[in-house]
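Report on the structure given below.
The values are calculated or read from the model by the stated rules, or taken from the named source; none is laboratory data. Being a predicted model, the structure only gives us computed values, none of them experimental. Virtual Cβ from ideal backbone geometry, glycine too; neighbours counted across all protein chains shown.
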Amino acid sequence: MYPREEVSRRVDAFHEAYYYAGLWRNTTWMGVPAWKCPLDLWVYQEIIHQTRPTLIIECGTAHGGTALYMAHLFDTMGDTAKTSRIVSVDIAERPNMPRHPRIEYLLGSSTDESVVARVRERVRADDRVMVILDSLHSRDHVFAELRAYWAMVSPGCYLIVEDSNINGHPVWTDYEPDAGPGPFEAVADFMNENDRFEIDASRERFMMTFNPSGYLRRKA
Ligand SMILES: C[S@@+](CC[C@H](N)C(=O)[O-])C[C@H]1O[C@@H](n2cnc3c(N)ncnc32)[C@H](O)[C@@H]1O
């Protein structure tokens, strides 16, 4: 309908308007805040249904809305044995976090060695593991998370780096912990040193994603 550059310009303008309105803070799953773009949550559903992880590691829980969403996806997918589960890590506990038999919350920094070790203990030999990095969004923290967690991801499964849209891709943030080089730059540096993953741009096909270049698939 429009030339590619014009589509890109319009999508970026919508992305900026959407982001600066702070709508992601007012997005809920079953009444629980899920700090995500709904288009990305739909992509999560497609990835989880297609790749069938049995363990999802989420760094950065916030209110637990995304953890609950993924637990409900597992319920809907007919895992009656409840073997598929979510381990979610955050430095802060919030009131009224959703309780669900599939969700385990761990308290601590996602890059703290003892926390990484506790997460690794949860991985069973026959698990198919997916990892989501959605905690502190500085380049250095995300890069450290990538180094700490990539080996836990199973071949064919995804390592999702959230909020690579900040620092001008296309939005910016002046919120101090997130200002400056962020997840996008961490992914670029990680891809330069690790050849086990490919960026799956097909996961960006809904045009607007908070995770540009952030859907990494571990090669088979
Ligand atoms: C963007 S929010 C997570 C949103 C959540 N994944 C969701 O989808 O609703 C980022 C979270 O990371 C947490 N956080 C910040 N630094 C962290 C760290 N070093 N380790 C783990 N979590 C951290 C914050 O407390 C905050 O709850």
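Among the residues of region 174-204, which ones are modelled with pLDDT under 95 and closer than 23 Å to LEU39 by Cβ?
Within region 174-204, TYR175, ASP178 meet the criteria.
Can you work out which of the residues in region 131-145 that are more than 8 Å from the ligand (Cβ to nearest atom) and out of contact with any Ser or Thr (no Cβ under 7 Å at 6 or more places or on another chain) is nearest to ARG52 (Cα to Cα)? Steps first, answer last, please.
First, the residues of region 131-145 that are more than 8 Å from the ligand (Cβ to nearest atom): 131, 133, 138-140, 142-145.
The next check asks that each one be out of contact with any Ser or Thr (no Cβ under 7 Å at 6 or more places or on another chain); those that pass are 131, 133, 138-140, 142-143.
Numbers: VAL131: 13, LEU133: 19, SER138: 30, ARG139: 29, ASP140: 30, VAL142: 25, PHE143: 26 Å.
The extreme case among them is VAL131.
Among the listed residues ARG25, ARG4, which satisfies the condition of being more than 14 Å from the ligand (Cβ to nearest atom) and at pLDDT below 95? Quick ask: steps written out before the conclusion?
Values: ARG25 fails: more than 14 Å from the ligand (Cβ to nearest atom).
The match here is ARG4.
Which one of ALA144, ALA188, ALA151, ALA125 is more than 25 Å from VAL87 (Cβ to Cβ), aliphatic (A, V, I, L, M) and either under 13 Å from the mean Cα position of the chain (by Cα) or surrounded by fewer than 22 Cβ atoms within 10 Å (Cβ to Cβ) (or both)?
Exactly one residue qualifies, and that residue is ALA188.
Can you tell me which residues in region 154-185 are crowded, with 18+ Cβ neighbours inside 10 Å, on the phi > 0 side of the Ramachandran plot and touching a Ser or Thr at 6+ places or on another chain (Cβ under 8 Å)?
Scanning region 154-185 gives a single hit, ASN167.
Which numbered condition trips up ARG128, out of (1) within 13 Å of the ligand (Cβ to nearest atom); (2) touching a Cys at 6+ places or on another chain (Cβ under 7 Å)?
Here ARG128 meets the rest and fails (1).
Give region 77-94 a look and list any residue that's surrounded by fewer than 17 Cβ atoms within 10 Å (Cβ to Cβ) and within 13 Å of the ligand (Cβ to nearest atom), or say none.
ILE91, ALA92, GLU93, ARG94
Do we have ALA71 as within 26 Å of LEU146 (Cβ to Cβ) and surrounded by fewer than 20 Cβ atoms within 10 Å (Cβ to Cβ) here?
Details: within 26 Å of LEU146 (Cβ to Cβ): yes; surrounded by fewer than 20 Cβ atoms within 10 Å (Cβ to Cβ): no.
In short, no.
Give region 1-34 a look and list any residue that's touching a residue at least 40 places away in the same chain (Cβ under 8 Å) and either in contact with a helix residue (DSSP H, G or I) (Cβ under 9 Å, 6 or more places away or on another chain) or surrounded by fewer than 14 Cβ atoms within 10 Å (Cβ to Cβ) (or both), or say none.
If the condition is that a residue be touching a residue at least 40 places away in the same chain (Cβ under 8 Å) and either in contact with a helix residue (DSSP H, G or I) (Cβ under 9 Å, 6 or more places away or on another chain) or surrounded by fewer than 14 Cβ atoms within 10 Å (Cβ to Cβ) (or both), then VAL7, PHE14, TYR18, TYR20, TRP24, TRP29, MET30, VAL32 are the ones that fit.
State yes or no: is ALA117 more than 11 Å from the ligand (Cβ to nearest atom) and over 27 Å from TYR18 (Cα atoms)?
yes
Filter region 40-68 down to the residues that are hydrophobic (A, V, I, L, M, F, W, C), surrounded by fewer than 22 Cβ atoms within 10 Å (Cβ to Cβ) and closer than 11 Å to TRP29 by Cβ and list them by number.
Within region 40-68, LEU41 is the sole residue that qualifies.
Among residues belonging to region 146-187 that are out of contact with any Gly (no Cβ under 9 Å at 6 or more places or on another chain) and charged (D, E, K, R), point out the one that is nearest to the ligand (Cβ to nearest atom).
The extreme case among them is ASP178.
I'd like to know if region 41-62 contains one or more residues that are closer than 22 Å to ARG218 by Cα, within 12 Å of the ligand (Cβ to nearest atom), small (Gly, Ala, Ser) and out of contact with any Phe, Trp or Tyr (no Cβ under 6 Å at 6 or more places or on another chain).
The answer is yes; a qualifying residue exists.
From the set of residues in region 200-220 that are surrounded by fewer than 16 Cβ atoms within 10 Å (Cβ to Cβ) and touching a Gly at 6+ places or on another chain (Cβ under 9 Å), which is farthest from ALA17 (Cα to Cα)?
Here the residue is ALA220.
Give region 101-115 a look and list any residue that's of a type in the set (A, V, I, L, M), buried (at least 18 other Cβ atoms within 10 Å of the Cβ) and within 17 Å of the chain's Cα centre (by Cα), or say none.
Of everything in region 101-115, just one residue is of a type in the set (A, V, I, L, M), buried (at least 18 other Cβ atoms within 10 Å of the Cβ) and within 17 Å of the chain's Cα centre (by Cα), namely ILE103.
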